[in-house]
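The values are calculated or read from the model by the stated rules, or taken from the named source; none is laboratory data. Predicted model only: the values in this text are computed from it and were never measured. Glycine also receives a Cβ, built like all others from the backbone with ideal geometry; neighbour counts cover every protein chain displayed. Just the protein is used for accessible areas: all its heavy atoms, side chains included, with ligands, DNA and RNA removed. Shrake-Rupley method; radii C 1.70, N 1.55, O 1.52, S 1.80 Å.
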Amino acid sequence: MSVRPSLSLLLILAVSIPIGLAAAEDRADVKAGLDLLKTGDDLADEGKPNDAQIRYKEAFEKILPRLRGIPFRHEVKRDVTKREKLQDMLLKDFEQDMTPEEFDGMEKTYRAFGLTPADLDLKKFLVDVYSEEIAAYYDPKTKTMFMIEEPEEKRNEPPTFLERFLGKTGGFDKDENKTVIAHEMTHALSDQHYDLDDLHEATKKNDDQSLAVSALIEGEATLAMMAAGQEDWDGSQIVKLPAEGLGRGLELMMPFMTSLGSGQMLKKAPPIIAESMMFPYIRGLVFCARLANDDGWGGIDAAYLDPPLSTEQILHPNKYKADPDYPALIDLGELDPGAGWREVARNVMGEMQTAVLLRQHDGKAAAAGWDGDRYAVFEGPNDKLALIWATTWDSEDDAREFARAYARHQTSRMGEAKYQPAEIPDSLWRSIDGDCRVVERRGADVAVVEGFTPAASAPLLEAAFKAGKTEMKPSPRTVEPVDAPQD
């Protein structure tokens, strides 16, 4: 159910890291790269922003191999896209990445869980958000670096309050463009070694794992971008940035990032959309910093060959390597709610999205201790939506805390008929107009059934508790070198 476009995007939500020029380096390639950055700045000052972006792209092709410790295997294709044509490209990408049925299922899942309003046109909203926020991107499908050409009126648009605070004065922002291009060219470099499109494809059926993989990809690129911003051209200093302190600082900033971002659409986004978009960059950065603290850039290379399995591992990096915690794979099997119902989606929520779902009810604590889940969403008569959600937790206490938080979330969605018991029992059944809402805990497992009749709910609840569980094992990758794209 996560929002995972196949484009690798950098959302300029909070900070733009200035990239200056350092003294000439010993390596000729780095010196040539620094010269190209200077040339790009000169072109920008001459009113040639697209030429400047091309020089910046060429500069980081020379700089990043030394910083990151791996070489480019071939030149990165480039293209320039007008901002006004970006929506058409994004729509095409959505259609390539998800079938209409899959997108419909994601939209109905959001509604079934109460994460988005019923009248939200999700595809249009996502396209509007991304087309507004993208500053540049690398597309691993076409192996192409796209620069965005702004319309004339936007080039002269005054900066927002946050942008003024950070030193932006309007017009083409050289530092911002270098920041974005450093980030996206890191994606291009990693793609040539680790095949990012293949990595995404392998996780398409598990949204939680897909978000975790996105966090690895975006976290690495953000860390490399920060190294460039600090003129750490050999990447030796950024790997010492303490991950724990970084995590605490970013945690404090998180509530302000969407409200202070430059895009109007993101400010309007439901939390599940805004936070799913930000998670790979913010929490992914902390995760990759932790890997780099332990093993330098080699720790990130190793993670590409043994990718994280869940957002739990991203949120708690010790559960990835130091004390591995592999999620349980839950198999709901075949579910039969009766005539008139059809299944529209089946996927994994995971710790990150569960925390967002329950954010009004101490969601971070309620989602901690997650060990696995699987939900199925059904559509019935009169477009009614219903769901079955099987979850398992590290302990009975974790399961109890989640069950109580979810019962409170359920209550908040019941309108005038809501009923909040003083004490939430381990088995809570409530009915409105013949539709049951069930939350039940048995040991370390919790099952949720919503939207069906009482007669249908009982066997579906039993099916959720009888769902098969196996431990998800790491699946190390063997990646062949990625050839240069053919024109």
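Excluding ligands, DNA and RNA, the accessible surface per residue across the chain is 42 Å² with a 1.4 Å probe.
Quick one: Cα centre-to-centre distance for segment 403-448 and segment 77-147, in angstrom? Taking the Cα centre of each part, segment 403-448 and segment 77-147 sit 35 Å apart. Between the amide H of residue 77 and those of 145, distances stay under 5 Å, these residues lying 5 or more places away or on another chain, with hydrogens modeled in the peptide plane.
Under a 5 Å amide H cut-off, with hydrogens placed 1.01 Å from N, residue 372 pairs with 328, 392 among residues at least 5 apart or on other chains. A Cβ-based charge dipole, computed about the Cα centre of the chain with Lys and Arg at +1 and Asp and Glu at -1, lands at about 700 debye. Simple point charges give the picture: +1 on the Cβ of Lys and Arg, -1 on the Cβ of Asp and Glu, and for segment 318-405 a dipole about the Cα centre of about 320 debye. Farthest toward the positive end of the dipole of the chain, out of 69, 335, 387, is the Cα of 387, where the dipole comes from beta carbon charges about the Cα centre. Among 472, 285, 221, which residue has its Cα positioned farthest towards the positive end of the charge dipole of the chain, with +1 placed on the Cβ of Lys and Arg, -1 on the Cβ of Asp and Glu, and the dipole taken about the Cα centre? Checked the options; the winner is 285.
Charged side chains reduced to their Cβ positions (Lys and Arg at +1, Asp and Glu at -1) give segment 267-362 a dipole of some 560 debye around its Cα centre.
In this simple spin-label model, placing a label point 7 Å from the Cα along the Cα-to-Cβ direction at both residue 204 and residue 478 gives a separation of 2.4 nm. Across every pair of different alpha-carbon atoms, what Kirkwood hydrodynamic radius in Å does the chain reach? 23.7 Å is the Kirkwood radius here. DSSP assigns beta bridges within the chain; of those with both partners inside it, close to 90 percent run antiparallel. Expressed as a whole percent, the accessible area of the chain that falls on carbon and sulfur atoms is 50 (1.4 Å probe). Sorted on the mean count of surrounding Cβ atoms within 10 Å across their residues, most packed first, peptides 105-118, 367-380 read 367-380, 105-118.
Between 308, 414, 39, the Cα set farthest toward the positive side of the dipole of the chain (charges on each charged residue's Cβ, about the Cα centre) is that of 414.
Does segment 364-414 classify as rounded, prolate or oblate by the C-alpha gyration tensor (a ≥ b ≥ c root eigenvalues; a/c under 1.5 gives rounded; else a/b over b/c gives prolate, otherwise oblate)? Oblate is the answer for segment 364-414, as a/c is 1.5 or above yet b/c matches or exceeds a/b. With the simple model of a label 7 Å out from the Cα in the direction of the Cβ, residue 413 to residue 395 spans 2.9 nm. Each of the peptides 388-401, 40-53, 279-292, 81-94 was scored by the mean count of other Cβ atoms within 10 Å over its residues; in descending order, highest first, they stand as 279-292, 388-401, 40-53, 81-94.
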